[in-house]
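Here is the structure we will look at, set down as structure tokens.
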Amino acid sequence: MSPELVIADDHPLLLKGLKDFLEESGYTIAAMASDGQHAFKAIQEYKPLIAILDLEMPDMTGLQVAKACKEIGIKTKIILFTLHRELFIYQQAKELNISGYLLKEFATEELLTCLNKIQEGKEYFSSKIFQKKGEPKVLNEGIALTPSEKKILKLIADGLTTKDIADKLFIAERTVEKHRSNIINKLNLDKKHNTLLIWAQRNKGIIF
């Protein structure tokens, strides 16, 4: 018998499409949510075996919901739907014991496989996450941001300049620049001016 699920996405059409697809596949939807706060409340109320969450939602991101569940001991298995391919976000997901990680554009191809794997007590991380479009890429779990790089990335997202960050952390500006360069390389970003700032501010909700 298929377990009940909680699903969440802030795009109404995607949420309805996900619900219809899962129900046609034999699953029962215990609750739907259009933001992270309501998704977290639904998980607390229904304690489903599995919750399928959009990575980026208002109020709480999928990662923040997973973190909140982990902190209070909720055993619900989390599947994240994402548009992001960065290994940095994969690293955060692994740290929070996320059970599934899928790209939205390939979701229907892989979702049922992912659900089956999780019900068998396994994890399912789509190999497509780790490929740039049109270019196969081997996953290297060793590529991850260090605690110092994460701290600097948060400050960049808050709009601090290199000098501001150096002053705040009591380090040399060239050390900050070195960290910035390493982050850009790890996230596989363009080396153009302000590319890292733009990326950090767009993804502020999923940096913690």
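The values are calculated or read from the model by the stated rules, or taken from the named source; none is laboratory data. Just so it is clear, the structure is predicted and the values come from calculations on it, not from any experiment. Reconstructed Cβ throughout: ideal geometry from the backbone, glycine too, with neighbour counts over all protein chains shown.
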Helices (runs of 4 or more DSSP H) within the stretch 147-208 that include 2 or more residues without any contact (Cβ under 8 Å) to a residue 12 or more places away in the chain: 162-169, 173-186, 195-202
Number of positions in the stretch 177-193 that are of a type outside the set (Asp, Glu) and over 25 Å from Tyr90 (Cβ atoms): 1
Positions within the stretch 13-44 being closer than 18 Å to Met60 by Cβ and out of contact with any Asp or Glu (no Cβ under 6 Å at 6 or more places or on another chain), in sequence order: Leu14, Ala31, Met32, Ala33, His38, Ala39, Phe40, Lys41, Ala42, Ile43, Gln44
Long-range neighbours under 6 Å by Cβ, at least six apart or interchain, first residue in contact (Cβ under 8 Å) with a residue 60 or more places away in the chain within the stretch 9-37, second of a type outside the set (A, V, I, L, M, F, W, C): Asp9/Asp54; Tyr27/Ser2
Exclusive hit being over 20 Å from Lys70 (Cβ atoms), among the β-branched types (Val, Ile, Thr) and either modelled with pLDDT of 85 or more or surrounded by 13 or more Cβ atoms within 10 Å (Cβ to Cβ) (or both), set Ile129, Ile89, Ile118, Ile98: Ile129
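In the list Lys75, Lys67, Lys19, which residue meets the criterion of being at pLDDT 90 or above, closer than 20 Å to Lys154 by Cβ and of a type outside the set (A, V, I, L, M)? Can you show your working first?
On the way: Lys75 fails: closer than 20 Å to Lys154 by Cβ; Lys19 fails: closer than 20 Å to Lys154 by Cβ.
Step by step, each of Lys75, Lys67, Lys19 is checked, and only Lys67 is at pLDDT 90 or above, closer than 20 Å to Lys154 by Cβ and of a type outside the set (A, V, I, L, M).
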